[in-house]
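Undergrad: The structure that follows is given in the form of structure tokens.
Each reported figure results from applying straightforward, stated rules to the coordinates on display, with no laboratory input. Since we're looking at a predicted model, the values are computed, not measured. Here the Cβ is made from the backbone with ideal geometry for all residues, glycine too, and neighbour counts use every protein chain on show.
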Amino acid sequence: MKLLKKSTLATLVGAAALTAAGAANATIVVGGENGYEFSVDGNINQFFIASDQDSASASANRDQDNQQVANGLLPTFFGFNVAMPEINGLKVAARVSISPSTNNGSYVNSDAAMEQREAFATVDGSFGQIMLGKGLGLYSANNILLDQTLYGVGATGLTAAGDQNTGQTSLGRIGYGYEYANWRSQIRYTTPDMNGFKAAVAVMDSDDFLTAKVVNSSTTSNQFEKDARYEASLSYATAFDGGSMKLWLDGMTQDVRYSNATGSEKSDAYTVGGQLVFGGIEAVAAYYDSKGQGVNGLGTGAFTADNKAREGDGYYAQLGYRFGGQTFVAASYGESTLDRDSANTVAGGVADLDTNSMTTIGIYHDVTANLKLVAEYSKIETEYHIQSSDDEVDVLSLGGFISW
């Protein structure tokens, strides 16, 4: 029986679980004589998170000294996979997962205690792959999947000011070196591997930053027009004696609307990066440039006070060493910046935000194939254009993953 193949990374993240090559990790696989296969995978992760804030902000949440018991950047995952028998050269598969958080209550309707990130099908053939449904986006996906904080906690807030209690998940390095790929409804085409090169293009449901549209002078409606989002990715991967290398270039474009007072603004972004593995050394570096995405790709600070798309860029660099194939020790630094909003006159806050930066040091140890222990320290800082004082937060997290 040919088992459904998944990498450990795909098992934890869920993204492209049916399309990533790697070792077969599903511990529960059911197959039948008719060639159908069903498998489940997932993880439970939990951390003790202590954060200490030194804030110059006038916010009521300033100088927090928080202690949490919560999951990290990843929520828990429980994934269901179906692989169908190959017919006429076509391989059809599907994945649906649920992503309950351990952070915010015990019921589905309580403060986002449950999230559904994936529901997609794939059709593979000699032509490549077509993917239909909801999954991780193309733009910035490699940036987050290769980030050490994927298995940790990283940042506890959108900036170093204000509330530092994590939401359904922590942020990792999102907004501190790259923008969020996000989980999007999409139709995607990926080419076959062409001597290490792969390309992918997708049309996706766009971001909903505007929640209401003025219908007349006295009423509003949640019905408003929006345009599709388009993303593309080009990557190259190769292996050599003692190591491997991967390079990528991703881009996105969409029309976004943040205010009824103005029309749509064009939002564009690209990111370029690479990973080098040689012996036990693993290095990652990535850069991005964007407009109308905000400091994190989630819309934070994306528009100026007079409703114009704000430009920004950022990068992160990471260097680690894997001891005995089981213990990964890594350090990274990254920052995300926004150009000054010339229409803003208020010091502090996201309208005045200049730079989010974070330094992270972590130890990630695989006790077994199903048990990972993590110790991580991050120092995050937010600088401003007008406000002279910075905000800072120190974050220490201890915990780990049980995966299957």
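Undergrad: Enumerate the calculated ³J(HN,Hα) couplings along region 378-389 in order (Karplus 6.51 cos²θ - 1.76 cosθ + 1.60, θ = phi - 60°), each rounded to whole Hz, writing x wherever the residue is Gly or Pro.
TA: 10, 10, 10, 9, 10, 10, 10, 7, 9, 5, 7, 8
Undergrad: State whether region 300-404 is rounded, prolate or oblate according to the following rule on the C-alpha gyration tensor (a ≥ b ≥ c being the square roots of its eigenvalues): a/c under 1.5 gives rounded; otherwise a/b larger than b/c gives prolate, and the remaining case gives oblate.
TA: Because a/c hits 1.5 or more and a/b exceeds b/c, region 300-404 counts as prolate.
Undergrad: Want the number for Arg340 to Phe38: 0.36 nm per residue separation, take away the alpha-carbon distance, what's left?
TA: 103.5 nm
Undergrad: Report the label-to-label distance for Leu319 and Thr238 in nanometres (one decimal), using points 7 Å from each Cα along the Cα→Cβ vector.
TA: Distance between label points: 2.4 nm.
Undergrad: On to the next question. Here is the link list: Lys198/Lys291; Lys134/Lys291; Lys91/Lys246; Lys134/Lys198; Lys91/Lys226. Which ones come out longer than 28 Å on Cα distance?
TA: Going by Cα-Cα distance, Lys91/Lys226 fall outside the 28 Å limit.
Undergrad: Now for a separate question. At R0 = 35 Å, how high is the FRET efficiency between Met245 and Ile386 if r is their beta carbon distance? Nearest 0.05 is fine.
TA: That pair, Met245 with Ile386, gives E of 0.25.
Undergrad: Ok, one more. With an 8 Å Cα cut-off and a minimum separation of 6 or more residues, compute the relative contact order for region 134-177 in percent.
TA: Rounded, it is 37 percent for region 134-177.
Undergrad: May I ask you to compute the full-extension gain from Leu90 to Arg62, defined as 0.36 nm times their residue separation minus their alpha-carbon distance, rounded to one decimal in nm?
TA: Result: 4.4 nm gained on full extension.
Undergrad: Calculate one ³J(HN,Hα) per residue across region 90-101 by plugging θ = phi - 60° into the Karplus curve 6.51 cos²θ - 1.76 cosθ + 1.60, and present them in order as whole Hz with x for glycine and proline.
TA: So the J values, rounded to whole Hz, are 10, 10, 10, 8, 8, 9, 10, 9, 10, 10, x, 9.
Undergrad: Next up: Could you give the spread of the C-alpha atoms of region 38-87 along their three principal axes, from largest to smallest, in whole angstroms?
TA: 64, 20, 12
Undergrad: Could you list which residues have their amide H under 5 Å from that of Ser101, counting only those 5 or more apart in sequence or on another chain, with H placed in the peptide plane?
TA: Those qualifying (amide H under 5 Å, at least 5 residues apart or on another chain) are Met114, Glu115.
Undergrad: Here is a follow-up. Treat each spin label as a single point 7 Å out from the Cα along the C-beta direction, and report the Asp394 to Asp227 distance in nm.
TA: For Asp394 paired with Asp227, the spin-label model returns 4.8 nm.
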